[in-house]
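*Asks:* What follows is a structure written as structure tokens; I'll ask about it next.
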């Protein structure tokens, strides 16, 4: 698990949420893989178990993970429609920011091609 930035303006539960979600999307955590328990994760990160619980509840609500009573939490299929929409919304915001910074559409296209090539070699 990635460390938590206590100086960040992003709430700790959201950092945990984003970290787990991104690890699932990146394939670091596989579909149906068991996640650490709330107790294990809170100890590892040095945060209150209630904070971890809040992140896990939101992950479950958003379909990123699922819980089996008495067994723990597991990664759901990595691409849900909500995650796709969220990712594309973030992409749109980033592209608009790039345009405001003077980056051309051609430069962005080249960058996307480079990232796609890197992604295909990682598989």
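The values are calculated or read from the model by the stated rules, or taken from the named source; none is laboratory data. Every value quoted in this text rests on a predicted model; they were computed, and no experiment measured them. Cβ sites come from the backbone with ideal geometry, for glycine too, and all protein chains shown count toward neighbours.
*Asks:* If a residue must be in a helix (DSSP H, G or I) and either exposed (fewer than 14 other Cβ atoms within 10 Å of the Cβ) or modelled with pLDDT of 95 or more (or both), how many such residues does region 43-53 contain?
*Replies:* The qualifying residues number 7.
*Asks:* Further question on the same structure: What do you reckon, is residue 83 assigned to a helix (DSSP H, G or I), touching a residue at least 12 places away in the same chain (Cβ under 8 Å), surrounded by 10 or more Cβ atoms within 10 Å (Cβ to Cβ) and more than 15 Å from the chain's Cα centre (by Cα)?
*Replies:* On the way: assigned to a helix (DSSP H, G or I): yes; touching a residue at least 12 places away in the same chain (Cβ under 8 Å): yes; surrounded by 10 or more Cβ atoms within 10 Å (Cβ to Cβ): yes; more than 15 Å from the chain's Cα centre (by Cα): no.
No; evaluated as a whole, the condition is false for this residue.
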